[in-house]
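Some notes on the structure that comes next.
Read the figures in this text as sums done on the coordinates, not as results from a lab. Computed from a prediction, not measured in an experiment: that's the story for all the values here. Every residue, glycine as well, gets a Cβ built from its backbone with ideal geometry; the counts of neighbours run over all protein chains shown.
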Amino acid sequence: MNISLSDVGHIAPIEILFGADVEGKLYTGRKYQLQCGLVAIETLLGWTLMGKVPAVASNFSTSMMSISWFVDNSSVAKLWELDVIGITDPVEKLTREVTAKEAKNFFYETVRCDSEGRYEVMLPWLNEYPIISDNLVVARRRLDTTLNKLEKSNLFESYNLIFNEWLNEGVIKIVNNPEENNCVHYLPHRPVIKNSSETTKIRLVFDASSHEQGRPSLNQCLEVGPNLIELIPSVLLRFRQQKIGVVSDIRKAFLQISVHSKDRDFLRFLGLNDERKEFVCPLKELPIFERIFFKFLFIQKTEIF
């Protein structure tokens, strides 16, 4: 028996379908029963196979791989927060609005002008905020790391020049006998280098999110305040309404805001003198802010007020 199948498995697109009402007219009547169980049937288009092939038993093995990872307890709550799926809880939203309004009212109630005509503000502490540590160990360790990087990149002189300028301008001052005051907090700092800048290639940035293990950071003890970033487009649009616009620049504007004396000890930091040593060891004199950045006042998220 010599049979040539019309379809031997070539992959090609289907061009025509035959319905059951036409199928019977295509058969010639010739067919052969094969030993495998299939039936070879001749049609007007050639031979084709029909039927059922006996199933071949196969052995399957099931394997399972389990992957686990550590999830920080602080982020576990985010797994069921509505914000993750784009839903805002009305109660939570109302609470945020009330908190932001209270922080704004606190600012208006406490801001004042000092004897020099400079605005003076207080840090917006949370109600019943947790006890903050001095963070001195972390600040000293970060200072050593910063010093090593500055030495390798030959930028120590430029970095230290910032401290000298602040001392001369009264932005910071040396603290005497800090051990008499236990309510202190030290902020680590690091350089941010921007070679493309024509005016400020290196600037000093403080880390208010730094903290000792198991203790809160300064940011965690302060109110965030209202987010005014979304108001920027409306401010820019109003600026474009007039034909003439006047723009001015305040030199180091963020350093022109004075911080209240009772909050300055929470804004201390370690500095280095020209001999690469900490200011008067063992920590008898440390620099502290006389004036403070807006970003510190409201957790570096919104440059407001």
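Annotations
- Take the Cα of W125, step 7 Å toward its Cβ, do the same at I11, and the gap between the two points is 7.3 nm.
- Of K149/K252; K104/K194; K152/K262; K152/K252, pairs whose Cα-Cα distance is over 32 Å: K104/K194; K152/K262
- Put in order of Cβ neighbour count within 10 Å, fewest first, the listed residues M50, M65, M122 become M65, M50, M122.
- In plain terms, the chain from V53 to N168 could stretch by 32.0 nm, reckoned as 0.36 nm per residue minus the Cα-Cα distance.
- Residue order, fewest to most beta carbons within 10 Å, for V184, V247, V137: V247, V137, V184
- Residue order, fewest to most beta carbons within 10 Å, for L222, L49, L267: L49, L222, L267
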